[in-house]
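Here is the structure we will look at.
None of the figures in this text is laboratory data; all of them are computed from the coordinates on show. Note that the structure is a prediction, hence the values are computed from the model and not measured. Backbone-built Cβ (ideal geometry, glycine too); neighbour counts: all protein chains shown.
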Amino acid sequence: MRIVVIGSTGHVGTFLVPRLVALGHQVVAVSRGQRAPYRPHPAWERVQMVPLDREHLEAEGGFAARIAALEPQAVIDMICFTEDSARGLVEALRGKVQHFLSCGTIWVHGPSASVPTTEEQPRRPFGEYGIRKAAIEAYLLDEARRTGFPATVLHPGHIVGPRWVPLNPAGNFNPQVFEHIAQGRELTLPNLGLETVHHVHADDVAQGFVRALQRWSAGVGESFHLVSPAALTLRGYAEALFARFGHEPRLAFLPWSEWQRDQSEEDIRSTWDHIAHSPSCSIQKAEALLGYRPRYSSLEAVFEALDWLAGRGLLETRPGKHTEKEQQK
Ligand SMILES: NC(=O)c1ccc[n+]([C@@H]2O[C@H](COP(=O)([O-])OP(=O)(O)OC[C@H]3O[C@@H](n4cnc5c(N)ncnc54)[C@H](OP(=O)(O)O)[C@@H]3O)[C@@H](O)[C@H]2O)c1
């Protein structure tokens, strides 16, 4: 099948494109060409790279037509952030593609209620990103169910993989949290550390997209979570990391209002966003209908990412050592 992947060289595309090539698909990889995939793979030699700037072309009104002109049989849209953006593609591709897969997010759910959260639960998104992704999902599923447009929406959790810093046990992306734990230093968590995060390895997200393509009849008109088999509490996540680095857990807890005092604005914002959602999503639907089988638990995915960063000196995990950044302080 001729498949156009929009946003093809990022966290997910790095794993997805080689998987599609290995299955014999003809892949057309759309991106601005500003970055290479995270890891080299011979499959990329068989991929047609098409440099297009979506934002720029959407502002001019020509993006969707450029995608249609690539004559795809299927389109995987990794980087859709507004309903208008989705609508443009649907209108240009209606009647022309067999399958249209759109990348959403588990942020289409608001705060967790009954967990694990299923795809069927009512959407209560908050924050611009989640609200917009929920609008895209609602639009695409309506088009699929009402007009037959062959859309599937896939919702990843916190994407993890080698080469970038995973979401940490404080619910933000500050790499020093991992370094503190590795060095056996005390970590203070907000509240009781019982709020949750739900990671997924980028290759498992790629697997989910591939399975959805393969199970067309089960996937069209549906949305699916793509997450690891189980979410982690912040506390459980931190304890597992202390153990991984050979330490007894050294945890302290502070109410949210006090925890914030020693944190940067960026970390506060990020932690709040994660704990206010406290995701814990079900993969039962993806397992049953798509045959999705994540290879990585949340911890396995995080450990692989940390090993990769530490192995290249990008994260200091040896006791008593400090990163260059810390030494300069
Ligand atoms: N990160 C997470 O934890 C997370 C969690 C849930 C859902 N998601 C969803 O995952 C999707 C992103 O996937 P990802 O993490 O694989 O992406 P990513 O790592 O951010 O990579 C983005 C890809 O899109 C290309 N791109 C960026 N801007 C572009 C533009 N204006 N025109 C054309 N190409 C452009 C990039 O290459 P160039 O820079 O070379 O153009 C790259 O290939 C989004 O829909 C996001 O909502 C992410």
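Quick notes on this structure:
- Against the rule of thumb 2.2 N^0.38 Å, how large the Cα Rg of the stretch 173-329 comes out: 1.19
- 3J(HN,Hα) couplings calculated from phi for the stretch 123-132 with the Karplus curve 6.51 cos²θ - 1.76 cosθ + 1.60 (θ = phi - 60°) are, in sequence order, 7, 9, x, 9, x, 4, 4, x, 4, 5 Hz; Gly and Pro show x.
- Only the Cβ atoms of Lys and Arg (+1) and of Asp and Glu (-1) were treated as charged; on that basis the dipole of the stretch 92-165 about its Cα centre amounts to roughly 180 debye.
- Dipole in debye (nearest 20) - the stretch 56-182, about Cα centre, beta carbon charges: Lys, Arg +1; Asp, Glu -1: 160
- Between 0 and 90°, nearest 10: helix 13-22 axis offset from the chain longest Cα axis: 50
- Ranking ALA92, MET78, PRO111 by Cα position along the charge dipole of the stretch 1-114, where only Lys, Arg, Asp and Glu carry charges on their C-beta atoms, puts MET78 farthest toward the positive end.
- Note on the chain: GNM, Cα springs under 10 Å; of LEU192, LEU20, LEU101, the largest mean-square fluctuation is that of LEU192.
- Relative contact order of the chain, defined on C-alpha pairs under 8 angstrom at six or more residues apart (%): 19
- A Cβ-based charge dipole, computed about the Cα centre of the chain with Lys and Arg at +1 and Asp and Glu at -1, lands at about 740 debye.
- Where only C-alpha atoms are counted, convex hull volume of the chain per residue in Å³: 139
- Mean Cα-pair separation over length for the stretch 177-328, i.e. relative contact order, pairs under 8 Å, 6 or more apart, %: 40
- Distance from the stretch 127-203 to the stretch 1-72 (C-alpha centre basis), Å: 23
- For the chain, the longest principal axis of the Cα atoms and the long axis of helix 202-214 meet at an angle of about 30 degrees.
- Furthest towards positive pole of dipole, PRO249, GLY148, ALA170, structure part the chain, Cβ charges: GLY148
- All Cα pairs of the stretch 127-174, percent lying beyond 15 Å: 62
- In the chain, the calculated helix contribution to ellipticity at 222 nm averages -10500 deg cm²/dmol per residue, counting -39,500 (n - 2.57) for every DSSP H run with n ≥ 4.
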